[in-house]
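What follows is a short report on a single structure.
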Amino acid sequence: MFYQPTDMAEALRLRAELGPEVVTVCGGTDVVVAMNHGVARPEAFLDLSRVAGRDSVERVNGIYLLGGGVTFAQMAKLPVRALAEAARSVGGPQIRNVGTIAGNLGTASPAGDGSVALLALDAEVELSHVERGSRWVRLEEFFLDYKRTALQPDELITRVRFPSDFESVWYKIGKRGAVNISIVCCAIGRSPAGAYRIALGSVGPVPMRAMEAEAVLNGDSTDAAHRAVAYLADEVIERAAEAAELEAAPIDDQRSSARYREAMCRVLVRRLLRELRDG
Amino acid sequence: MSGRAFGTQTPAAPPREKEHVLPTEAPITPSPFAEKVRGPVGRSCDKIDGVERVTGTKLYGADLIAREADLHAKVVRSEHAHAEVVSIDTKEALRVDGVLAVLTAEDVKGTNRHGLIRRDHPVLAKDRVRYRGDAVAIVVAKTEQAAAAGRDAVKVEYRVLPTVESIEQAMAPGAPHLQPGGNVMGGRRIRKGDADSALADSHVVVSETFRTQTVDHAFLDVEAGVARWDGELLTIRVSGQWVHEEARLVALALGLPVERVRIIQPAAGGAFGGREDISIQIYVGLAALRFAGKTVALRYDRAESMRARHKRHPMRIEYAMGADREGRLTAAKVAIYSDEGAYASTGIAVCRKMSSHATGPYRVPHVRVDVFGVHTNNNPTGAMRGFGATQIAIAYEGMMDRLAAKLGVDRVEFRRANLIRPGDAVTTGQVVPSPTAVECLEAVLRQYGSKSMPSEPLPTHLRRGWGVSVICFGMGYGDGFPDASRARVRIGADGCVEVYSGIVDVGQGAENVIAQVAAEEMGVGLEHTRVITADTHMTPESGSCSATRSTFFAGNAVRLAAGELKEKLLDAAGELLCVHPNELEFRGEEIRGRFDEGLCCSLGELVAAARKRGYELEAEALFKPRTICEDFETGQSPRAFITYMFGAHVSQVLVDVETGEVRVERHVACHDVGRAINPEAVRGQITGGVVQGIGMALMEEVVYRGGRILNPGFTDYILPTVRDVPPVECVVLESNDPLGPYGAKGVGEPPLIGAVPAVLSAIYDATGKAPATLPCNPERVWGMLTGS
Ligand SMILES: Cc1cc2nc3c(=O)[nH]c(=O)nc-3n(C[C@H](O)[C@H](O)[C@H](O)COP(=O)(O)OP(=O)(O)OC[C@H]3O[C@@H](n4cnc5c(N)ncnc54)[C@H](O)[C@@H]3O)c2cc1C
């Protein structure tokens, strides 16, 4: 059974009416894989791929506003480096053409490339309910635990927003050049005021921020002027990288050992901070 | 700039389009002694069934199911790597709506065993299971869903036995015996000269332990097909690699006379050795026998295909090699332990391929090799492209790099100085008919260009390097094993040349080769030939599509048959036209008088005339060259293989020394194929082999834990993508084999064999560390570089 609303109001009404056994689907690149693997056998779907305006991209007052149905192919063209590079690293062209940011957040995989990039960009996600209206949730509060989020069963992810003036960088380590699940990925954002945000993928149950590493860079001070906007000494970078290695909490799995992932947190944080510094 | 060399991002512009033209343009180096050809031999031609394949009109196993299936079967498999089967309870399964039957070992009327060399693999396990893919029962139902539900409802009670996970565990004292003779299945050896004292006397000696991984064939077209029993004949349409042997194995296992089993090959989407061991043929045949007049279907999904099928042998290779002060190889001492998994499959032949290729294309006076095949509770291992010659090449080429470094000499010079030349012998003592190792090496270096490493400065974490490999490969089964091909050629009612051959086209283009050979020999155009292959009741036995033998064997058989048919045709034409046959000659699709243009008849007319008198214009021929069994004590034979192929590769890589990521930037491959009958197909085989070789070198690996495959799908069984393989630069060398059809040798396996060590050699060159464990995925390379 397919419900295919064409506008968001209708979609939200259906979401609130239908039970949780009706699965929200956007690009289907996670949902269909789960079905193929027999993990889930949903009987009915709420398909958002026809909702008008689902894939709108706006930039208003220094804020990017992306509809939940924005695809990786669309994000790949944005002048937001970490997000664009993360998007380009996803799957192959077919997946990038249908896979969406709402789906990436909805799946909440620790290896979700879009999620990791957005976390470094200080993004918020809009969760909407037909009656309760919408609420904006910061990504660090959105990801609760392994593949669990703050999304209620009667809500939809409608939009994502983040400041447009961050500088950002991205790197993903995988086993091959495309269709490549990250072994470790890292995104770092820097606000115009010089505050760093470091996000790591595949090193914990959810996309995580390396708070200790950020603290090394940002200090305790909230005084923007105090921050090292200007110059990051190698020694500071090294301490931040080390902190990232220590706070990462990866597991061993068939893709990689925890030790390698920890070591790569250090390598990537060091490399990306230098890249931000040296341009 | 930022050192973003690694390919996890898509560049904005489409890459490499211009370069792509280059490699395919590389000219063929023809042999000056090559036989003259006038027809299609030596010209690239499109795949005969290419249009049907890409437009969906050619039927694969799964297409047959969609069109014809009446009933569906599913296989109940062991949940344990090693266990006794205590009981099988089918009651609940039989209650599932749509389930018609559950078949167990009791229902198998024949030997209930199969196996290409040793028949040790139960079709349905009766009292013991030895790996997680072992089949226990077959469920037959009206629909595929019902069959799956029935499969899940079969209750098998097991008594779990300890799992033997590795070669080391299997050989440890007190290990449970997996086969009656113990865990060492068998082995082979080489004793040539006195390797121990030669090593002791050597100026330098290097030793290393190499470990190769389990590799899956990963052909796209997973096992699928149909069977039907009409009360007289069991017809099975499933893709394999040797239809006649499959018929014998099915007949034996199910207790039928072989004449009652007909195997017809549907279109196959790849094989790589993965269809050599029988797959679903016996299961679907067994199910069909129970339901006469119904077409029964069986197919695997990717996960079942990976769990059930045999794999490439993972090996531990302990290699010591010495050289004298002048940089000449003195001796090699090699011990190889090969994980055979639960059943023998072709393992013993793989052991022998390892021993007979232990020193590759190099002159080594003293050689001692011991190969042991060892049973474990992992998947059975068997044929895969290279058949053991792949793994051993990683070792001997790895040794060449290490020895050159220790001697402080250039690795290319070192190879040049030790490669076999005319009159030299390989490991088995056989003096190779046309040793072109040096020519391949020179050609590959020429194409690569001596100064072609880009010299732009790299960021500190990136290193560039290039590597080289030279390999050899004995063609055909060899070792005195009967190796034969038959073919029949006839003129059809429309005057077309019809070729009947049992050889299987698994997608590589064997059908093209035999069509080209027939057309060339008969002097007709390719459009006047028709090829009928791989049907046990229509086509004469041609042996397997394996061992890089199809072109050589099937090609020769077709050529001989066509030659005979030509004589018959001239005879018949002479009779028809009332002249001596010597007065006549072939002109395309006609026979004409040599001197009298007025004498003329078409092939069609000849056939019509012959048929009127009650006979067919056809000829059948057998090609059966002999090899000589290797001495069991010494491994020596003057003719272990009919001929040898050679190849050389250069690979250029970029290594991120901080993350361990490796990217192949360029790959050049030169192969001596004797004669390229269809050059574009030859380049296709070389390119594909390199792709698979890069996969094996860098990423592919089946991971087991406790006999369970952790990555039975393409999410985590990592195959190379188009972003991981540069356009392969193919250099085709022709040496004109004296026995090959028009001088052809073959090309299937060697390109993969050469690719793997070249990539490893390049990593060594880039980083100063020589890899010994495969695959060189980022974590392993990082571990090697940091000592972690
Ligand atoms: C071959 C392949 C390669 C891939 N490679 C990558 C990769 O490199 N990196 C990566 O990060 N991911 C990858 N993925 C995973 C997948 O493509 C991404 O997670 C993608 O973002 C999912 O988006 P979708 O629209 O297809 O999601 P769907 O499959 O439609 O949905 C995913 C989840 O989100 C929920 N959902 C979707 N939309 C909404 C909404 N509006 N409101 C509430 N819930 C919603 C669904 O219910 C579901 O739980 C790959 C997948 C495949 C098949």
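Things to note:
- Any strands (runs of 3 or more DSSP E) falling wholly within region A:1-105 and containing at least 3 residues that are within 10 Å of the ligand (Cβ to nearest atom): A:22-25, A:44-47
- Search result, residues across region B:103-117 that are surrounded by fewer than 17 Cβ atoms within 10 Å (Cβ to Cβ) and under 22 Å from B:T376 (Cβ atoms): B:I117
- Members of region B:602-638 that are modelled with pLDDT of 95 or more and farther than 30 Å from B:V334 by Cα: B:E618, B:A619, B:E620, B:A621, B:L622, B:F623, B:K624, B:P625
- Of everything listed in (1) touching a helix residue (DSSP H, G or I) at 6+ places or on another chain (Cβ under 7 Å); (2) in a helix (DSSP H, G or I), the single unmet condition for B:L94 is (1).
- Within region B:764-786, the set of residues being within 11 Å of another protein chain (Cβ to nearest Cβ) and in a loop (DSSP other than H, G, I, E, B) comprises B:P775, B:C776, B:N777.
- Scan of region B:769-788 for residues that are under 28 Å from the mean Cα position of the chain (by Cα), of a type in the set (S, T, N, Q) and more than 19 Å from A:G174 (Cβ to Cβ), ordered by number: B:T773
- Looking only at region A:111-138, and only at residues there that are near the ligand (Cβ under 10 Å from one of its atoms) and part of a loop (DSSP other than H, G, I, E, B), the one that is surrounded by the fewest Cβ atoms within 10 Å (Cβ to Cβ): A:A111
- The residues in region B:245-267 that are in a loop (DSSP other than H, G, I, E, B) and buried (at least 24 other Cβ atoms within 10 Å of the Cβ) can be counted, and the count is 1.
- Selected residue (criterion: farthest from the other protein chains (Cβ to nearest Cβ)) from residues of region A:29-48 that are under 18 Å from A:S109 (Cβ atoms) and either of a type outside the set (A, V, I, L, M, F, W, C) or in contact with a strand residue (DSSP E or B) (Cβ under 7 Å, 6 or more places away or on another chain) (or both): A:V31
So that you can scan it fast, the table gives a plain yes or no per residue for (1) within 19 Å of A:G189 (Cβ to Cβ); (2) modelled with pLDDT of 95 or more; (3) hydrophobic (A, V, I, L, M, F, W, C):
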| site | (1), (2), (3) |
| --- | --- |
| A:M8 | no, yes, yes |
| A:A34 | no, no, yes |
| A:D55 | no, yes, no |
| A:V70 | yes, yes, yes |
| A:Q74 | no, yes, no |
| A:L83 | yes, yes, yes |
| A:P93 | no, yes, no |
| A:T100 | no, yes, no |
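- Residue within region A:222-240 that is at pLDDT 95 or above, buried (at least 18 other Cβ atoms within 10 Å of the Cβ) and within 16 Å of the ligand (Cβ to nearest atom) present: no
- Tally of residues being more than 21 Å from A:V22 (Cβ to Cβ), surrounded by fewer than 19 Cβ atoms within 10 Å (Cβ to Cβ) and within 11 Å of the ligand (Cβ to nearest atom) across region A:139-160: 0
- Qualifying residue in region B:364-374 (condition: in a strand (DSSP E or B), among the basic types (K, R) and at pLDDT 95 or above): yes
- Among the residues listed as A:L118, A:L105, A:L83, the single one being under 21 Å from A:L46 (Cβ atoms) and either under 9 Å from the mean Cα position of the chain (by Cα) or within 14 Å of chain B (Cβ to nearest Cβ) (or both): A:L105
- Enumeration of residues in region A:161-202 that are away from chain B (no Cβ under 14 Å) and assigned to a loop (DSSP other than H, G, I, E, B): A:S164, A:D165, A:F166, A:S191, A:P192, A:A193, A:G194, A:A195
- Being in contact (Cβ under 8 Å) with a residue 60 or more places away in the chain and either assigned to a loop (DSSP other than H, G, I, E, B) or in the same structural domain as B:I348 (by TED's automatic domain parsing) (or both) holds for only one residue in B:I138, B:I88, B:I117, and it is B:I117.
- Of the strands (runs of 3 or more DSSP E) lying entirely inside region B:592-700, those containing at least 3 residues that are touching a helix residue (DSSP H, G or I) at 6+ places or on another chain (Cβ under 9 Å) span B:618-623, B:644-656, B:662-672.
The values are calculated or read from the model by the stated rules, or taken from the named source; none is laboratory data. Please read these numbers as outputs of a predicted model, since none were measured by experiment. A quick note on method: Cβ atoms are made from the backbone with ideal geometry, for glycine too, and the neighbour counts reach across all protein chains shown.
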